[in-house]
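Below is one structure, written out as structure tokens; the observations come after it.
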Amino acid sequence: AHQHGITVLEKELAQLKLPDISGDFRIWHVGKVQYEISRLSLRSFHLPYSRISLVPGVGLQVSISNAFAELDGSWRVKMHFIRDHGSFDLRVENIYIKTHLKLGSDTSGKPTIDTSACSTRISSIRVHFSGKFGWLYNLFHKAIESRFRKILESKVCESVARSVRSELQPYAQTLPVTAKIDAMAGIDYSLVAPPTATAQSLDVDLKGEFFSLAHRSDVPFPPLPLALPPDHDRMVYFGASSYFFNTASFAYHAAGALVFEITNSVIPKGVEFHLNTSTFSAFVPQLEKMYPSMEMKVRLSAPSAPFLYIGPDGLSLKPVVDIQTYVILPNSSLAPLFLLSLVSNVSAVIDVKSGHIVGSLKVGRLKLSLKHSDVGTFQVRMLQSIMNVLASSILLPRLNERLAQGFPLPLPDRIQLSNILVRFHQNFLLLGADVQYQPQ
């Protein structure tokens, strides 16, 4: 922020437009002297020493010291019968600028930045005039020096405020309030309060809530309080609570995305398994008699949104999945066979790639139970091996393919993360990273 912000401000100050100056003054025993300064042109404005610091309760303070600027222009003077004109060079030295940047948020939840205070002090102005009347120019210099100082001091603060409004504020507004994930869901990243500056950090509280694009409804569980540990090894830290992940589960469940239908056509070629009554008759003998050599269809669905738990050891969930099996009749209609309930321990691996939270799931031991049967009783545990194949070879790769695409972090434009760390705490995931800004 310091490196690129000062570069922008330096360019902005170098484009200052200064007004013409005219006036008069009296010299004892000589009379009135009229002068005019015009065509003022700022050749350069340099900010060699600057720093950005945190101001608790306000935001940021930008302090610039020992700045200097170089100008040139034309002058004209008239005193009785004496008239002269020429050019001049002006060097302004030891410029001190201090401005406060107040941080807030607007009604849409986007961050806002504005100048709340600005002061400029100039210690030295040196002017070199070209011309024949040296004693007159010295008097002339003294008369206009204070006017130069006042004009420059006010113009510098105007330029700082303009730079914040035209460059910094629009850039802050690139922080996404919502991010569309896919055709079904999005994430609400709106600020729930203005950013807070402390002596050590700048803290921003974001909503961090997934929602269904088709129908947004209130989340039926409250967000957890989130207090990040005082780590300072990285430039930025993201705390994502279990609420963030569980609203994803809730949104996708509400959108009907947690339903998977499996037929022979989606079984990978390398899997020696056929979804038909001949295969299942080894475990449910009556199938071969009722529906000999007929293809089947399996529908997996979550009766409720699965909840994810975060602890010091990582992320885990224990989803309940309903497995409804059908036989595909010759007229392509479906006849229900049996409904199973599956419970499994699932662990998740989380990482960050290209500004996205990515993940993958690993399924543990499966537990099956029979909820309903249209084909009589049978030993459910005999189906364990088939369900392992369906889960590991078909369902899990589908889920992991989607999780590998990831979910975007709330980053302003042209920000890249590096040196990323991932840590687990009770009820939240901590992501740390260093930041790089890519200018346009």
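Seen from Ser304, the other residues with C-beta closer than 15 Å to its C-beta sum to a net charge of +1, counting Lys and Arg as +1 and Asp and Glu as -1. For segment 28-125, relative contact order (Cα pairs under 8 Å, six or more residues apart, normalised by length) works out to 25 percent.
For the chain, find the longest principal axis of its Cα atoms and tell me its angle to the long axis of helix 2-13, 0 to 90°, nearest 10. Roughly 40 degrees between the two axes.
Volume of the convex hull of segment 28-117 (Cα atoms only), normalised per residue: 186 Å³. Less than 5 angstrom separates the built amide H of Lys110 from those of Leu191, all sequence-distant by 5 or more or on a different chain. Highest mobility in the GNM of the chain, judged by mean-square fluctuation with C-alpha springs under 10 Å and restricted to Asn276, Asn246, Asn331, is found for Asn331.
How large a share of the accessible area of the chain, in percent, is made up of carbon and sulfur atoms when the probe is 1.4 Å and the other protein chains stay in place? Carbon and sulfur together cover 53 percent of it. Note that the chain presents 53 Å² accessible area per residue, ligands and nucleic acids not counted, probe 1.4 Å. For Ile357, the residues 5 or more places off, or on other chains, whose built amide H falls under 5 Å of its own are Phe407, Leu409. Note on the chain: with a GNM built from Cα contacts shorter than 10 Å, the maximum mean-square fluctuation among Glu167, Glu145, Glu70 falls on Glu145. Could you check which residue among Val320, Val156, Val389 shows the biggest mean-square fluctuation in a GNM of the chain with a 10 Å Cα cutoff? Most flexible of the set in this elastic network: Val389.
Under 5 Å from the amide H of Phe307 lie the amide H atoms of Lys318, each residue being 5 or more positions distant or on a separate chain, with H modelled from the backbone and absent for Pro and chain starts.
Net charge of the neighbourhood of Arg365, taken over other residues with C-beta under 13 Å away and scored Lys/Arg +1, Asp/Glu -1, is +4.
A P(r) calculated from all alpha carbon pairs of segment 178-437, with 10 Å bins opening at zero, reads 6, 26, 29, 19, 12, 6, 2, 0 percent. Across the protein chains, with a 1.4 Å probe defining accessible surface, the residues Trp28, Trp75 rank Trp28, Trp75 from largest area downward. Under the simplified labelling scheme, the Asp24-Ile420 pair shows an inter-label distance of 7.2 nm, with each label point 7 Å from Cα along Cα→Cβ.
Karplus-derived 3J(HN,Hα) values for segment 24-32, using 6.51 cos²θ - 1.76 cosθ + 1.60 with θ = phi - 60°, are 8, 8, 10, 10, 4, 6, 10, x, 7 Hz; glycine and proline are entered as x.
Once every DSSP H run of n ≥ 4 in the chain is given -39500 (n - 2.57) and the sum is divided by its residues, what mean residue ellipticity at 222 nm do you get, rounded to the nearest 500 deg cm²/dmol?
-5500 deg cm²/dmol
Each label point was placed 7 Å from the Cα along the Cα-to-Cβ direction; for Tyr96 and Asp72 their separation is 3.2 nm. Taking the average, over residues, of other Cβ atoms within 10 Å as the packing measure, peptides 229-237, 206-214 rank 206-214, 229-237 from highest down.
What is the ratio of the Cα radius of gyration of segment 232-337 to 2.2 N^0.38 Å, where N is its residue count, to two decimals?
Compared with the compact-globule rule of thumb, segment 232-337 sits at 1.55.
Counting Lys +1, Arg +1, Asp -1, Glu -1, what net charge surrounds Ala255 among other residues with beta carbon under 11 Å of its beta carbon? So the environment of Ala255 carries a net charge of 0.
In order along segment 221-228, the Karplus-derived 3J(HN,Hα) couplings, from 6.51 cos²θ - 1.76 cosθ + 1.60 at θ = phi - 60°, round to 8, x, x, 8, x, 10, 10, 7 Hz, and Gly and Pro are given as x. Using equal-weight Cα scatterers in the Debye expression, the normalised intensity of segment 1-173 in log10 at q = 0.10 Å⁻¹ is -0.47. Over the chain, the alpha carbon radius of gyration divided by the compact-protein estimate 2.2 N^0.38 Å works out to 1.60.
When the Debye formula is applied to the Cα atoms of segment 316-440, each taken as the same point scatterer, what base-10 log of I(q)/I(0) results at q = 0.13, 0.16, 0.21 Å⁻¹? Per q value, in the given order, log10 I(q)/I(0) is -0.71, -0.89, -1.21. Pop out the ³J(HN,Hα) list for segment 370-375 in order, Karplus 6.51 cos²θ - 1.76 cosθ + 1.60 with θ = phi - 60°, rounded to Hz; leave Gly and Pro as x. Result, rounded to whole Hz: 8, 9, 6, 9, 9, 10. Scaled against 2.2 N^0.38 Å for its residue count N, the alpha carbon radius of gyration of segment 161-303 is 1.70.
The values are calculated or read from the model by the stated rules, or taken from the named source; none is laboratory data. Values in this document were obtained by computation on a predicted structure and should not be read as measured data. Backbone-built Cβ (ideal geometry, glycine too); neighbour counts: all protein chains shown. With ligands, DNA and RNA removed, areas are computed over all heavy atoms of the protein, side chains included. Shrake-Rupley method; radii C 1.70, N 1.55, O 1.52, S 1.80 Å.
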